[in-house]
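Please read the structure below before turning to the comments.
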Amino acid sequence: MSRPGLFDYLLALGDDALVTAQRLGEWYASSPAMEEDIALANIALDQLGAARLLLSYAAEVPDTALPARTGGPLPVAARPLDEDALAYRRDDRQFRNALLTELPHGDFAHVVTRLLLLAAYQVPLYDRLAAADDPRLAAIAAKTRKEVAYHLDHAATWVRRLGDGTAESHGRAQAAVDALWPYTHELFAPLAGGPIDPATLRADWERTVTAVLAEATLARPADGWAPGGGRDGLHTEHLSYLLAEMQSLHRAHPGARW
Amino acid sequence: MTAATAAATQRAWAAAGAVADPELRVVTIADLGILRHVAVDADGVTVTITPTYTGCPAMDAIRADIRRALAAAGYPRARVETVLDPAWSTDDMTAAARDKLAAAGVAPPAARGAGPVPLTLAARCPRCGSPDTEVLSRFGSTACKALHRCRACAEPFDHFKPL
């Protein structure tokens with residue numbers, strides 16, 4: 001498989017998972033309960049597992065199929081490509097994750113609301129990709145879709161509990177929904193190189209999210225401002241700090257292994 | 001396949017399949033259904049396994065344990081390959097695996113069949129057998145387990161999640 005744009009498409013999906021894993025990892029030992037620390041760490045691990053499979057696939061896309069990227073070519077030193085080179089040797093402009101995944105965490109309501117908005121997109125995404133005409137991508141998706149179903153369930157449980165909880169938790173959950181909502185539009189923007197059009201995932205996502213918000217007594221924000229750019233490598237400054245932390249060891253000690 | 005190759009393959013399969021899961025020591029990788037294929041040829045042994053969860057951190061330990069077990073069984077040249085397709089399911093576990101898990105205090109997963117992952121919460125207490133249990137956390141001590149508590153005997157226990 002080497003459709004034009006396949007490399008960028010795999011980076012987009014892989015980077016969503018990788019950046020999500022890194023952000024969730026930041027919450028380890030900061031959750032309201034130890035069980036929740038373990039849950040978020042497990043979800044981070046699943047996302048990291050998906051990222052490794054997707055980036056490993058991207059690393060094997062033939063060079064001839066690598067398109068000119070907004071962020072410029074990968075450093076020569078990063079060749080030959082593998083999952084580590086892609087995770088640790090790319091600069092911020094070469095990442096393709098959606099902005100939603102890189103925003104810094106606020107409070108716990110922000111953590112679980114973001115997970116809800118992302119997992120509600122990843123569930124239909126991987127469901128559709130599992131039937132795609134790309135055996136390797138289909139195998140990855142068939143594996144990961146079972147895991148993200150648990151992420152969605154977990155996040156939805158928390159959003160219901162916070163939204164339909166105390167005045168304080170309701171207010172925080174609504175603030176998180178309002179703050180994150182504009183960033184969800186980018187998930188459904190056109191993405192070249194993939195077997196499906198992200199716009200076709202929107203109805204599923206909308207149905208899942210609005211049902212949870214209704215049960216949580218939270219208001220669905222109006223659609224308006226729709227920031228984007230992540231898929232083209234144009235990120236918020238927050239990604240640069242995240243990468244600085246995530247990549248520092250590998251850059252200081254290239255090839256370091258446990 | 002010659003009779004000698006068939007016998008060698010059977011021995012290699014037995015050695016690899018007896019490797020214990022590093023996080024659930026009571027079950028082997030054959031019990032769990034993550035051992036997919038064993039092939040013996042002139043170059044040595046090729047073992048194919050599949051992960052339970054994509055991010056399962058036990059995979060590296062399992063690969064090393066397989067190579068060690070095969071070396072001890074007389075196969076110093078062993079390669080371990082990983083496949084994803086078809087995706088592993090808790091339905092791939094053997095009946096023996098379910099019994100061993102229950103005996104070790106881990107509620108085994110319910111059969112899930114085809115289709116989407118059923119998110120049923122009911123798990124029978126592996127200690128007292130009561131069905132009156134509650135979920136404490138959907139994500140337990142490892143990615144594959146959830147943490148439950150029995151309302152009858154008050155003991156917390158792990159539940160291997162259907163996947």
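The values are calculated or read from the model by the stated rules, or taken from the named source; none is laboratory data. On a predicted model such as this, the values are computed, not experimentally measured, just so you know. Positions of Cβ are backbone-derived with ideal geometry, glycine not excepted, and every protein chain shown enters the neighbour counts. Note: accessible area is taken over every heavy atom of the protein model, side chains too, but ligands, DNA and RNA are not part of it. Shrake-Rupley method; radii C 1.70, N 1.55, O 1.52, S 1.80 Å.
Could you list, in sequence order, all residues of region A:211-230 that are closer than 20 Å to A:ALA17 by Cα and open to solvent by less than 30 Å² (accessible area, probe 1.4 Å)? Full working, then the answer.
Going through region A:211-230, the residues closer than 20 Å to A:ALA17 by Cα turn out to be A:227-230.
Hits for region A:211-230 are A:PRO227, A:GLY229, A:GLY230.
For every residue, the table says whether it meets (1) closer than 30 Å to A:TYR88 by Cβ; (2) open to solvent by 60 Å² or more (accessible area, probe 1.4 Å).
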{"residue": "A:GLU206", "(1), (2)": "no, no"}
{"residue": "A:VAL209", "(1), (2)": "no, no"}
{"residue": "A:THR236", "(1), (2)": "yes, no"}
{"residue": "A:TYR241", "(1), (2)": "yes, yes"}
{"residue": "A:ALA252", "(1), (2)": "yes, yes"}
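What are the pairs with Cβ atoms under 6 angstrom where one residue, in region A:227-240, is among the acidic types (Asp, Glu) and the other, located anywhere, is open to solvent by 20 Å² or more (accessible area, probe 1.4 Å)? Sequence gap at least six, or different chains.
Matching pairs, first to second residue: A:ASP232/A:THR70.
Determine whether region A:175-188 contains at least one residue that is surrounded by 17 or more Cβ atoms within 10 Å (Cβ to Cβ), on the phi < 0 side of the Ramachandran plot, outside any helix (DSSP H, G or I) and hydrophobic (A, V, I, L, M, F, W, C).
Filtering region A:175-188 down to residues surrounded by 17 or more Cβ atoms within 10 Å (Cβ to Cβ) leaves A:176-177, A:180-188.
Checking which are on the phi < 0 side of the Ramachandran plot leaves us with A:176-177, A:180-188.
Narrowing the set further to residues that are outside any helix (DSSP H, G or I) leaves none.
No - not one qualifying residue is present in region A:175-188.
Out of the residues in region A:37-52 that are over 14 Å from the mean Cα position of the chain (by Cα) and at the interface with another protein chain (Cβ under 7 Å from one of its Cβ atoms), state the one that is most open to solvent (accessible area, probe 1.4 Å).
Among them, the one singled out is A:ILE38.
Within the set of pairs 6 or more residues apart or between chains, which connect a residue that is in contact (Cβ under 8 Å) with a residue 24 or more places away in the chain inside region B:54-73 to a residue that is of a type in the set (D, E, K, R) and open to solvent by 30 Å² or more (accessible area, probe 1.4 Å) with Cβ atoms less than 6 Å apart?
B:ALA58/B:GLU23
Run B:ALA96 past the list (1) touching a residue at least 60 places away in the same chain (Cβ under 8 Å); (2) touching a His at 6+ places or on another chain (Cβ under 6 Å) and report the number of the one that doesn't hold.
If we test B:ALA96 against (1) touching a residue at least 60 places away in the same chain (Cβ under 8 Å); (2) touching a His at 6+ places or on another chain (Cβ under 6 Å), just (2) comes out false.
Looking for whichever is away from chain A (no Cβ under 14 Å) and either touching a residue at least 60 places away in the same chain (Cβ under 8 Å) or open to solvent by less than 40 Å² (accessible area, probe 1.4 Å) (or both) here; the options are B:ALA143, B:ALA78. Which one fits?
Answer to the selection: B:ALA78.
Can you work out which of the residues in region A:123-137 that are touching an Asp or Glu at 6+ places or on another chain (Cβ under 8 Å) and surrounded by 19 or more Cβ atoms within 10 Å (Cβ to Cβ) is nearest to the other protein chains (Cβ to nearest Cβ)?
The qualifying residue nearest to the other protein chains (Cβ to nearest Cβ) is A:VAL123.
Output the residues belonging to region B:121-140 that are within 12 Å of chain A (Cβ to nearest Cβ), part of a loop (DSSP other than H, G, I, E, B) and open to solvent by less than 30 Å² (accessible area, probe 1.4 Å).
B:PHE139, B:GLY140
Would you point out which residue out of B:VAL38, B:VAL47, B:VAL26 is assigned to a loop (DSSP other than H, G, I, E, B) and of a type in the set (A, V, I, L, M, F, W, C)?
None of the others qualify; the one that does is B:VAL26.
Scan region A:206-225 residue by residue and report those that are polar (S, T, N, Q) and not in a loop (DSSP other than H, G, I, E, B). Steps first, answer last, please.
Residues of region A:206-225 polar (S, T, N, Q): A:208, A:210, A:217.
Correct list: A:THR208, A:THR210.
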